[in-house]
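Visitor: Here's a structure for you.
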């Protein structure tokens, strides 16, 4: 403990925060690598999208950014208040970056749960010409759950040219979408 005795109090505080938070991060990484999802499920509160901005993981990320920034920049700042503000700002930046990554991952997981039945009643755009009266297949582009899907479609009516806006009215055999002009 001689290492800590000769430090200024603020630097000691940064170290006292950084060491346990770094150990928690190592434990979380180890849990994820062995396949245990416990590290991702330590939420304090979730919103309607099952997304938690306030979790132990998020708090730990803030404390890591805050403490390590304070330690690394300690000798570069004469004003300890300015150092603390800089460390706090970087901690907030780390949390913001972490939450943006989490949102992207969550969005990707939502896109994996695509079900063709959810397209019925939606509007789409013809990507490749759809022959008339179920005489062949074309392709449409439909946006569902913030992602775009290119799917095969047929029509009961006249041929539909590329770029035509259509409504998806039914699902035929082998997940072929039945569309009509909007």
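The values are calculated or read from the model by the stated rules, or taken from the named source; none is laboratory data. Quantities reported herein were computed from a predicted structural model and do not represent experimental measurements. FYI the Cβ positions are ideal-geometry reconstructions off the backbone, even for glycines, and counts take in every protein chain you see.
Visitor: Among the residues of segment 139-151, are any over 33 Å from the mean Cα position of the chain (by Cα) and modelled with pLDDT under 95?
Guide: Looking for residues that are over 33 Å from the mean Cα position of the chain (by Cα) and modelled with pLDDT under 95, one finds none in segment 139-151, hence no.
Visitor: Continuing with this model, one more query. Only one of 93, 22, 55, 67 is within 30 Å of residue 145 (Cβ to Cβ), modelled with pLDDT of 95 or more and either assigned by TED's automatic domain parsing to the domain that holds residue 145 or surrounded by 12 or more Cβ atoms within 10 Å (Cβ to Cβ) (or both); which?
Guide: 93
Visitor: Follow-up. Give me the residue from segment 168-182 that is touching a residue at least 40 places away in the same chain (Cβ under 8 Å) and over 17 Å from residue 158 (Cα atoms) and, out of that set, farthest from the chain's Cα centre (by Cα).
Guide: That would be 171.
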